[in-house]
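Scroll down for the structure; my scribbles are underneath it.
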Amino acid sequence: MIKVNELHKSFGDNQVLKGITTEIGAQEVVCVIGPSGSGKSTFLRCLNRLEDITSGEVIIDGTNIADKSVNINRYRQDVGMVFQHFNLFPHKSVLENITLAPKKLGKGQKAELNEKAMQLLDKVGLREKANAYPSSLSGGQKQRVAIARALAMNPKIMLFDEPTSALDPELVGDVLAVMKDLANEGMTMVVVTHEMGFAKEVGDRVFFMDEGLVLEEGTPEEVFTHTKHERTQAFLSKIL
Amino acid sequence: MVINPQAFIDVIPFLIDGLWITLYITIFGVAIGCVIGTLFGLMSISRFRVVRFIAVTYVEIVRGTPLLAQIFFIHLGIPALIGHTFDPYITGVAIIGINSGAYIAEIVRGGVNSIDKGQMEAGRSLGLNSRQTMRYIIWPQALKVMIPPFGNQFVISLKDTSLLSSIAVAELMYSGRQYMTITFSAFETMFMVCIFYLIITIPASLLLRYLERRIDKS
Ligand SMILES: Nc1ncnc2c1ncn2[C@@H]1O[C@H](COP(=O)(O)OP(=O)(O)OP(=O)(O)O)[C@@H](O)[C@H]1O
Ligand SMILES: [Mg+2]
């Protein structure tokens, strides 16, 4: 489903991704862990070209999106993204947040899209908040709306960049539960996270990133219990 | 010197005529300024360096020269060059438009830049193109931010029109000066001119503060 080939990304002279090669299969849940500044977010943002790709290939369903001639807007509809700081549209109600993109992109009739949005709100447990504005929601509720908003485009892949890092500890569980449901339904997911419990339980594979490379990858068991690299070990011992 | 109470009253009809012209010139001028300001404001955040350069140059020229110099340049300088004079009222509206346009461009730029980068990213990640994201997500939020400084600019431009009296545009200031030269009642006339400006600017400021409070709440 996703094939990454020698992916390089630099910001000016700062080489942030130094040649990542990997594959992610359909319905797979990959959790990306690693120290701050190792390039986790940048890697994720290259997967929907929110960052321009300096060199290398990112092939999604057979299309190399690093190629400038690809219609990236069309392709992004298939790749949902959830941000650390939610990035809900503050001037729109919860329902409008969810329906804005599908409506403007002609994904269906208004009534049908509203109905679909309500179903998504049911799924994330926020039906009663349809007409609320983001400012009146808790962080956990905001993030669940953000997930519903991304799902409204019927994506094939979902990218999560530290979706629970900005939340109060007691609100993390609700968001992780929604993500777990999504994984169980067979969504292909790439999740940058510091939630090792989630990575162990839900992740099919774990990537450990360090200094712009995927230093170690394997099943959660392999990475967490039979750790190969010293650096991975050092990182894990610090956070566990 | 003695104050002539009757002069405070007698000057009023003159000033009312002038006030209308002040209002017309301000409203039409600032309307043009909005168009220019939106255009140049968006140009100043363009991806293209040349486009940004043009916008920044315009803003810096206008902000770096006194309004009176701009008035004389356009009213006297340009006609001398092209050998054709323009109606001072048209020139007046154009000058207020060009001048407020530069400041409004800065307001537009500031408004758009004040919107969190994550908003654009969220829109783009959903598959909206940059124009759609701008129109449906960034612009509505930026407009709200722009209302208070825009209102402020309107008041400034209104006061700026007084300088058009120097090219015989019969706005409020000019009307006052006319009356003063006929009657020699300088104190009474200028006192009333100030009152007339305040009649517009004080309610405008109050309205602005009210809008600001409402925006803060939402
Ligand atoms: N837009 C940018 N411009 C310049 N440098 C950037 C930009 N975005 C990221 N970087 C740099 O790239 C490096 C990797 O950043 P990135 O955000 O991918 O790390 P991360 O692993 O997600 O870290 P964190 O855990 O703190 O989120 C950092 O050194 C950062 O300073
Ligand atoms: Mg990050």
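The values are calculated or read from the model by the stated rules, or taken from the named source; none is laboratory data. Here the structure is a predicted model, which is why all the values come from computation and not from measurement. Positions of Cβ are generated from backbone atoms using ideal geometry, with glycine treated the same way; all protein chains shown enter the neighbour counts.
Brief remarks follow.
Here's the yes/no breakdown for (1) within 24 Å of A:GLY25 (Cα to Cα); (2) away from ligand 1 (no atom under 16 Å from the Cβ):
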position	(1), (2)
A:MET118	no, yes
A:LYS129	no, yes
A:SER136	no, yes
A:PRO155	yes, yes
A:PRO163	yes, no
A:ASP168	no, yes
A:LEU171	no, yes
A:MET179	yes, yes
A:VAL190	yes, no
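- Residues in region A:98-111 that are within 20 Å of A:LEU159 (Cβ to Cβ) and facing chain B (nearest Cβ under 9 Å): A:LEU100, A:ALA101, A:PRO102, A:LEU105.
- Residue in region B:196-207 that is over 17 Å from B:LEU158 (Cα atoms) and assigned to a helix (DSSP H, G or I) present: no
- Members of region A:4-26 found to be within 8 Å of ligand 1 (Cβ to nearest atom) and either outside any strand (DSSP E or B) or of a type in the set (S, T, N, Q) (or both), listed by number: A:GLY12, A:ASN14
- Qualifying residue in region A:154-162 (condition: under 24 Å from A:ARG49 (Cβ atoms), out of contact with any strand residue (DSSP E or B) (no Cβ under 8 Å at 6 or more places or on another chain), in a loop (DSSP other than H, G, I, E, B) and more than 16 Å from ligand 2 (Cβ to nearest atom)): yes
- Test: residue in region A:27-37 that is assigned to a loop (DSSP other than H, G, I, E, B), within 15 Å of ligand 2 (Cβ to nearest atom), in contact with a strand residue (DSSP E or B) (Cβ under 7 Å, 6 or more places away or on another chain) and away from chain B (no Cβ under 14 Å): yes
- Within region A:39-62, the set of residues being assigned to a loop (DSSP other than H, G, I, E, B) and near ligand 2 (Cβ under 9 Å from one of its atoms) comprises just one member, A:GLY39.
- Residues satisfying the stated conditions in region B:85-135, i.e. of a type in the set (Val, Ile, Thr) and either in a helix (DSSP H, G or I) or more than 13 Å from every other protein chain (Cβ to nearest Cβ) (or both): B:THR85, B:ILE90, B:THR91, B:VAL93, B:ILE95, B:ILE96, B:ILE98, B:ILE104, B:ILE107, B:VAL108, B:VAL112, B:THR133
- Screening A:GLN143 with (1) within 16 Å of ligand 2 (Cβ to nearest atom); (2) assigned to a helix (DSSP H, G or I); (3) within 11 Å of chain B (Cβ to nearest Cβ) gives one miss only, at (3).
- Single match in A:GLY218, A:GLY212, A:GLY197, A:GLY203 (criterion: farther than 18 Å from A:LYS123 by Cβ, of a type in the set (Gly, Ala, Ser) and in contact with a Lys or Arg (Cβ under 6 Å, 6 or more places away or on another chain)): A:GLY212
- Options B:ALA142, B:ALA186, B:ALA204; residue that is within 14 Å of chain A (Cβ to nearest Cβ) and touching a helix residue (DSSP H, G or I) at 6+ places or on another chain (Cβ under 6 Å): B:ALA142
- When A:ASP13 is tested against (1) within 22 Å of A:LEU240 (Cβ to Cβ); (2) surrounded by fewer than 15 Cβ atoms within 10 Å (Cβ to Cβ), only condition (1) is not met.
- Hey, B:LEU39 part of a helix (DSSP H, G or I), within 24 Å of the chain's Cα centre (by Cα), more than 21 Å from B:ALA142 (Cβ to Cβ) and at pLDDT 95 or above or not: no
- Residue match in region A:83-92 (condition: within 16 Å of ligand 2 (Cβ to nearest atom), in a strand (DSSP E or B) and within 19 Å of the chain's Cα centre (by Cα)): no
- Region A:34-62, residues that are exposed (fewer than 15 other Cβ atoms within 10 Å of the Cβ) and more than 10 Å from ligand 1 (Cβ to nearest atom): A:ASP52, A:SER55, A:ASP61, A:GLY62
- When A:SER41, A:SER36 are checked against the criterion of being without any contact (Cβ under 8 Å) to a residue 40 or more places away in the chain, under 16 Å from A:VAL192 (Cα atoms) and not β-branched (Val, Ile, Thr), a single residue qualifies: A:SER36.
- The residues in region B:95-123 that are under 14 Å from A:PHE86 (Cα atoms) and of a type in the set (D, E, K, R) can be counted, and the count is 3.
- Subset of region A:63-82 [under 18 Å from B:SER130 (Cβ atoms), touching a Gly at 6+ places or on another chain (Cβ under 9 Å) and either assigned to a loop (DSSP other than H, G, I, E, B) or polar (S, T, N, Q) (or both)]: A:ASN73, A:GLN77
- Failed item in (1) farther than 22 Å from A:ALA166 by Cβ; (2) at the interface with chain B (Cβ under 10 Å from one of its Cβ atoms); (3) within 13 Å of ligand 1 (Cβ to nearest atom); (4) not aliphatic (A, V, I, L, M), with A:ARG74 passing the rest: (3)
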